[in-house]
Amino acid sequence: QVQFVESGGGLVQPGESLRLSCAASGSIFGIENMGWYRQIPGKQREWLAIITRVGETSYVDSVKGRFTISRDNAKNTVYLQMNSLKPEDTAVYYCNAEIRLRGSRIVTNFWGQGTQVTVAS
């Protein structure tokens, strides 16, 4: 039904930047909110940021001022620009999208496959 391609993760040093992207494709009628989460092994998945269809954004305090979420509705893609990265930002990052499929009246929550971000000297 829906496929995601996440990219942009990798290994960086503290203070450096990365830009994650997540493109959704498939039988999509429309996408409502899109967001980013991260997960450290053994811990719960943590919400980081959300962006509405019209571009309103919200962030968890720990990334506010360092991370910026954006989206391109024409490409069904959400981005996460991460600046001033810290070792504690090391995690697997997942995108999330609330998608209405073609022929459906409901909105379903979908997840990307995750991309590893490692911040280390």
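The values are calculated or read from the model by the stated rules, or taken from the named source; none is laboratory data. As the structure is a prediction and not an experimental result, all values here were calculated from the model. Heads up, the Cβs are rebuilt from the backbone with ideal geometry, glycines too, and the neighbour counts pull from every protein chain shown. Note: areas computed on protein heavy atoms with side chains; ligands, DNA, RNA excluded. Shrake-Rupley method; radii C 1.70, N 1.55, O 1.52, S 1.80 Å.
Consider the stretch 43-83. How many of its residues are on the phi < 0 side of the Ramachandran plot and assigned to a loop (DSSP other than H, G, I, E, B)? Qualifying residue count for the region: 14. Sub-6 Å Cβ pairs linking a first residue in the stretch 3-20 that is of a type in the set (F, W, Y) to a second residue that is assigned to a strand (DSSP E or B), at least 6 apart or interchain, are F4/C22; F4/A24, ordered by first then second residue. Among the residues of the stretch 28-83, those identified as closer than 19 Å to I99 by Cα, open to solvent by 50 Å² or more (accessible area, probe 1.4 Å) and touching a residue at least 40 places away in the same chain (Cβ under 8 Å) are F29, E32, Y37, N73, K75. Across the stretch 1-27, what is the number of residues that are closer than 19 Å to I69 by Cα, among the aliphatic types (A, V, I, L, M) and either in a loop (DSSP other than H, G, I, E, B) or open to solvent by 40 Å² or more (accessible area, probe 1.4 Å) (or both)? Selection size over the stretch 1-27: 1. The set of residues in the stretch 6-25 that are over 23 Å from T90 (Cβ atoms) and either modelled with pLDDT under 95 or under 12 Å from the mean Cα position of the chain (by Cα) (or both) comprises A23, A24. On the given criteria, is D89 free of Cβ contacts under 8 Å to residues at least 60 places away in the same chain and within 20 Å of G30 (Cα to Cα)? No; evaluated as a whole, the condition is false for this residue.
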